[in-house]
Amino acid sequence: MATESQSQQKGQVKAFVQTAPQAGRYVWIIALVDFGAQQVRRTIVSDDTFTTADAARVAGDAQLKAMAADH
């Protein structure tokens, strides 16, 4: 079951951080959704796995912040 964490928004495009179980561990997923066009623009899944959903969420939030700072 995926859970939502932090999000970043610009206009009608919003980025969500979610976590999902994978092989007994957890990964983060960043999804970029364009609500104006009603479509998912891009998703990124972590290569690393984490022992808890909270750890994956924290790492995903940090990745999203780093990506936003680069933009």
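Results, tabulated for the structure shown:
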item	result
Filtered residues of segment 1-25 (kept if modelled with pLDDT of 95 or more, under 24 Å from residue 69 (Cα atoms) and either in a loop (DSSP other than H, G, I, E, B) or in contact with a Lys or Arg (Cβ under 6 Å, 6 or more places away or on another chain) (or both))	19
Residues of segment 26-41 classified as at negative phi, at pLDDT below 95 and of a type outside the set (Val, Ile, Thr), total	7
Test result for residue 69, modelled with pLDDT of 95 or more and surrounded by fewer than 16 Cβ atoms within 10 Å (Cβ to Cβ)	no
Complete set of residues in segment 8-25 that are touching a residue at least 40 places away in the same chain (Cβ under 8 Å) and of a type in the set (A, V, I, L, M)	15, 17
Long-range neighbours under 8 Å by Cβ, at least six apart or interchain, first residue closer than 14 Å to residue 15 by Cα and outside any strand (DSSP E or B) within segment 26-52, second modelled with pLDDT under 95 and among the hydrophobic types (A, V, I, L, M, F, W, C)	35/13; 36/13
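The values are calculated or read from the model by the stated rules, or taken from the named source; none is laboratory data. Here the structure is a predicted model, which is why all the values come from computation and not from measurement. Positions of Cβ are backbone-derived with ideal geometry, glycine not excepted, and every protein chain shown enters the neighbour counts.
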